[in-house]
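The values are calculated or read from the model by the stated rules, or taken from the named source; none is laboratory data. Here the structure is a predicted model, which means the values were calculated and not measured. For neighbour counting, all protein chains shown are included, and Cβ atoms are generated from backbone atoms with ideal geometry for every residue, glycine included.
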């Protein structure tokens, strides 16, 4: 009986030791592959996957959010002026901006153009329903719709239709031409149009809480 108990204890010790060694080896493998600072407790497979999940990324602090708010309102703001508005010295402010760019919080910089000055006097929303909801149908439609320059935005949606388009057009004749192009795209079953009468709220950037 004593010999049997001894064997059970030794076998349990062996299993525990093997488990620890596996965890240690996994940590070393992750370290070599991901170039992380070695820590056998922190850098497990699970924690590495979580670190690549955007929802698990470093939490933006109050200053980061203030920087993003200022930049989206004025992309041409100088670093010196930005640093004053967020209560930082210029050097660390610039470092934060570069980090936010690198991490993907800032995708690009651009200017908001006046559509009326450029001759675009009309906006319209067009819902599009395809005759088939297959991956091939979606891919073909998306490939073709991006070629129509008057399509300002295109979103795939859930609900009673498949896509919602925003058109930026010069006049009703231009609208009829564009609608004909959309209707002739591969797989389009039918469309519905909603002409914008008046813009009530313009895009002033995302709310950053």
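Scanning for something closer than 30 Å to residue 82 by Cα and without any contact (Cβ under 8 Å) to a residue 40 or more places away in the chain, does segment 118-131 turn up at least one residue? No, segment 118-131 contains no residue that is closer than 30 Å to residue 82 by Cα and without any contact (Cβ under 8 Å) to a residue 40 or more places away in the chain.
Count of segment 113-137 residues, restricted to those that are surrounded by 15 or more Cβ atoms within 10 Å (Cβ to Cβ) and assigned to a helix (DSSP H, G or I), is 1.
Per the conditions (1) over 17 Å from residue 146 (Cβ atoms); (2) in the same structural domain as residue 127 (by TED's automatic domain parsing), the sole criterion not satisfied by residue 202 is (2).
Mind listing just one residue for me: the one in segment 78-94 that is part of a loop (DSSP other than H, G, I, E, B) and surrounded by 14 or more Cβ atoms within 10 Å (Cβ to Cβ) and, of those, farthest from the chain's Cα centre (by Cα)? Please lay out each step first, then the result.
Just the residues of segment 78-94 that are part of a loop (DSSP other than H, G, I, E, B), to begin with: 78, 86-89.
Next, from what is left, pick out any that are surrounded by 14 or more Cβ atoms within 10 Å (Cβ to Cβ): 86, 88.
Values: 86: 25, 88: 28 Å.
This residue is 88.
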